[in-house]
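Q: Take this structure, written in structure tokens, and hold onto it; I'll ask about it next.
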Amino acid sequence: MINLASDNVVGASRPVLEALLAANDGVAAPYGTDPFTAKATALLSEVFEREVQNFMVATGTGANALALAALTPPWGAVFCHAESHVMDDECGAPEMFTDGAKIVGVPGLNGKMTIDALEEQLARFGKGVVKSVQPSALSISQVTEAGTVYSLDEIRAFTALAKKHGLKTHLDGARFANAMLSLGCSAAEMTWKAGIDVVTFGASKNGCLACEAVIFFDPALAENFQYRRKRGGHTLSKGRLLGAQMIGYLENDHWIKNATHANAMAQKLANGLKQIAGARLPWSVDANEVFVVIPQAAQKALDEGEIRAAPWSSNCVPDGFKIGADEAFLRFVTSFATKADEIDMVLATLSGRRAAAE
Ligand SMILES: *Cc1c(COP(=O)(O)O)cnc(C)c1O
């Protein structure tokens, strides 16, 4: 079986597991007051080229929801893409952890908000108007839900508009490394240098077992976060196990190697798909996600060949991109563990070469 439905169908990578095993021996102080967590924070400060406040949690939903809670009062509004994870895939956790702030969807094709649409949404909620929620935060997904990546100019334009309106800014980096490599920039350039205040630094999808870091650049914003995380049930008593995962993830550029491989596998798949008659890609393949429309017969060949992709639907395909009733819309996600052979097999199956050979 080949499963490319998501990058969370794989386990953790070896160096992460080895770092966990190494940290498992002996004793360490609990609740993140241990040397492993301190080392992880030091490594993250190196990655971001400045001292950061680092709060690790076990899930991306927890990281996003807690981060947003630090940026908005309960009567605030958080703006994000209309199909973002925060909006659609977190079961109301951002609403719950913010004590009921309003999450406002901003439309835009190709998984990206547009500046005009954000301005339009901001205009709905008057500053100081008692009957309006108060605009408080902007959350940008990088990689986006469409597998696209915002350019640095785009991020800067959004954060500039956000700052003009007094909003704090969050980056949902569930696939942080994949996006950074796609842009060929540094972690600093994609975040604080581009006006981002708080980052969900995703690590689970790219090699960890269960580890994401909420990264603050301004200590004042992080002031009460330790209480928020504990109250939210995300402070691990054996906190060193989060620290150890992050160490295994960052040391020796392991995270970079993993994401480089995942992105390359996605390019290989996309390039192959472009050669297959009847396969159409709605979006550019910027990182490690490939979305494709294929004839239903090809979908059947995948099923019979035990190849899994995720059925998808979206409102943000380009204008004029129609999906026929006899077609299937699928998402393939590559990871550090994806093998070139697997991509070859997917392509052979979709092109009918596999059936011909069997
Ligand atoms: C996977 C993902 C998350 C985190 O999801 P969890 O399942 O809670 O770890 C957050 N944002 C995006 C865009 C994601 O793809």
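Q: Name the pairs: first residue in segment 46-65 and within 16 Å of the ligand (Cβ to nearest atom) and small (G, A, S), second residue assigned to a loop (DSSP other than H, G, I, E, B) and open to solvent by less than 10 Å² (accessible area, probe 1.4 Å), Cβ to Cβ under 9 Å, at least 6 apart or on different chains?
A: Filtered contacts from segment 46-65: A58/C211; G60/E90; A65/E90; A65/T98.
Q: Something else: When E289 is evaluated against the numbered criteria (1) touching a residue at least 12 places away in the same chain (Cβ under 8 Å); (2) among the charged types (D, E, K, R); (3) open to solvent by 20 Å² or more (accessible area, probe 1.4 Å), which criterion, by number, is the only one it fails?
A: Unmet condition: (3).
Q: For segment 173-204, what are the residues that are open to solvent by 10 Å² or more (accessible area, probe 1.4 Å), within 16 Å of the ligand (Cβ to nearest atom) and touching a His at 6+ places or on another chain (Cβ under 9 Å)? Outline the logic, then answer.
A: Here is the first cut: in segment 173-204, the ones open to solvent by 10 Å² or more (accessible area, probe 1.4 Å) are 174-175, 180-186, 189, 192-193, 195, 197, 204.
Remaining after also requiring within 16 Å of the ligand (Cβ to nearest atom): 174-175, 180, 182, 204.
Within segment 173-204, just A174 meets the criteria.
Q: Taking S314 and the conditions (1) modelled with pLDDT of 95 or more; (2) open to solvent by less than 70 Å² (accessible area, probe 1.4 Å), which numbered condition does it fall short on, given that it satisfies the others?
A: Result: S314 fails condition (1) only.
Q: Another question about this same structure. Could you tell me which of the residues T338, T260, T349, T334 is among the hydroxyl-bearing types (S, T, Y), open to solvent by 40 Å² or more (accessible area, probe 1.4 Å) and in contact with a helix residue (DSSP H, G or I) (Cβ under 7 Å, 6 or more places away or on another chain)?
A: Answer to the selection: T260.
Q: Now for a different question. In segment 137-164, how many residues are more than 16 Å from the ligand (Cβ to nearest atom), among the hydroxyl-bearing types (S, T, Y) and open to solvent by less than 10 Å² (accessible area, probe 1.4 Å)?
A: Here the count works out to 1.
Q: Would you mind finding the one in A222, A277, A264, A287 that is within 16 Å of the ligand (Cβ to nearest atom) and not in a strand (DSSP E or B)? Before the answer, list the steps.
A: Working: A222 fails: within 16 Å of the ligand (Cβ to nearest atom); A277 fails: within 16 Å of the ligand (Cβ to nearest atom); A264 fails: within 16 Å of the ligand (Cβ to nearest atom).
Residue meeting the stated conditions: A287.
Q: Please verify whether D7 is within 16 Å of the ligand (Cβ to nearest atom) and either in contact with a Ser or Thr (Cβ under 6 Å, 6 or more places away or on another chain) or at pLDDT below 95 (or both), treating the condition exactly as stated.
A: On the way: within 16 Å of the ligand (Cβ to nearest atom): yes; either in contact with a Ser or Thr (Cβ under 6 Å, 6 or more places away or on another chain) or at pLDDT below 95 (or both): yes.
Yes; evaluated as a whole, the condition is true for this residue.
Q: For the list (1) assigned by TED's automatic domain parsing to the domain that holds D34; (2) in a helix (DSSP H, G or I); (3) touching a residue at least 24 places away in the same chain (Cβ under 8 Å); (4) open to solvent by 20 Å² or more (accessible area, probe 1.4 Å), I need the number of the one condition that S237 fails.
A: Going through (1) assigned by TED's automatic domain parsing to the domain that holds D34; (2) in a helix (DSSP H, G or I); (3) touching a residue at least 24 places away in the same chain (Cβ under 8 Å); (4) open to solvent by 20 Å² or more (accessible area, probe 1.4 Å) one by one, S237 breaks only (2).
The values are calculated or read from the model by the stated rules, or taken from the named source; none is laboratory data. None of the values given here were measured: they were computed from a predicted structure. Every residue, glycine among them, receives a Cβ derived from its backbone with ideal geometry; neighbour counts consider all protein chains shown. Heads up: the accessible areas ignore ligands, DNA and RNA and are worked out on the full protein's heavy atoms, side chains in. Shrake-Rupley method; radii C 1.70, N 1.55, O 1.52, S 1.80 Å.
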